[in-house]
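Some notes on the structure that comes next.
The values are calculated or read from the model by the stated rules, or taken from the named source; none is laboratory data. Being a predicted model, the structure only gives us computed values, none of them experimental. Backbone-built Cβ (ideal geometry, glycine too); neighbour counts: all protein chains shown. Note: accessible area is taken over every heavy atom of the protein model, side chains too, but ligands, DNA and RNA are not part of it. Shrake-Rupley method; radii C 1.70, N 1.55, O 1.52, S 1.80 Å.
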Amino acid sequence: IEAQVERLKIGKRIQWVGFTNDIPAELARLDAMALPSLYGEGLPMVVLEAMAAAVPVIATRVEGTPEAIRHGREGLLAEPNDPASLAEAIESLVTGQYDWDSLAEAAARRHETAFSDWTMARATAEVYRRVLQGRPIDNR
């Protein structure tokens, strides 16, 4: 990666952060978070962490991510292994086609209502309650 950065002469635009123990502080520095995955990663924690920090996510449409990020609502989705699609998504946020504040607020709200630790714990407890009571599990 460093060789490519040097070849493209974009070193002055890159900030190498390295490892951190303070994820919230690093997320607070971001305008948006890009996750250009090629393959599904389940439900990536980095997406949920960005949403909780009200950071719009630009990610590829791979397994798990579209369940959290709805295109144009909490963030933007691009096609995997398609640099032009990713560039278009980034450009649409940077140029104001999508309102940053609206995406950020919606991301935080969706995290709170669907993916917060309390919400997920409640949903998991409900599955156990239904199983113990012999009731069918609601597959939402």
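Quick notes on this one:
- Pairs with Cβ under 6 Å, 6+ apart, first in segment 69-82 and without any contact (Cβ under 8 Å) to a residue 60 or more places away in the chain, second open to solvent by 80 Å² or more (accessible area, probe 1.4 Å) and in a strand (DSSP E or B): 77/71
- Of all the criteria given as (1) over 24 Å from residue 117 (Cβ atoms); (2) in contact with a Gly (Cβ under 9 Å, 6 or more places away or on another chain); (3) not aliphatic (A, V, I, L, M), the one not satisfied by residue 4 is (2).
- Selection count, segment 29-47, where residues are loosely packed, with under 13 Cβ neighbours inside 10 Å and more than 24 Å from residue 91 (Cβ to Cβ): 3
- Checking 94, 127 one by one, the residue that is more than 19 Å from residue 30 (Cα to Cα) and open to solvent by 40 Å² or more (accessible area, probe 1.4 Å) is 127 and no other.
- Within segment 122-135, residues that are farther than 24 Å from residue 112 by Cα sit with their Cβ atoms under 9 Å from residues that are surrounded by 10 or more Cβ atoms within 10 Å (Cβ to Cβ), at 6+ positions apart or across chains, in these pairs: 131/137; 135/129.
- Selected residue [surrounded by 13 or more Cβ atoms within 10 Å (Cβ to Cβ) and not in a helix (DSSP H, G or I)] from 59, 89, 50, 104: 59
- Restricting 67, 74 to residues that are among the acidic types (Asp, Glu) and crowded, with 18+ Cβ neighbours inside 10 Å narrows the list to 74.
- Residue 121 modelled with pLDDT under 95 and either open to solvent by 30 Å² or more (accessible area, probe 1.4 Å) or in a helix (DSSP H, G or I) (or both): yes
- Segment 5-35, subset within 15 Å of the chain's Cα centre (by Cα) and acidic (Asp, Glu), residue nearest to residue 56 (Cα to Cα): 31
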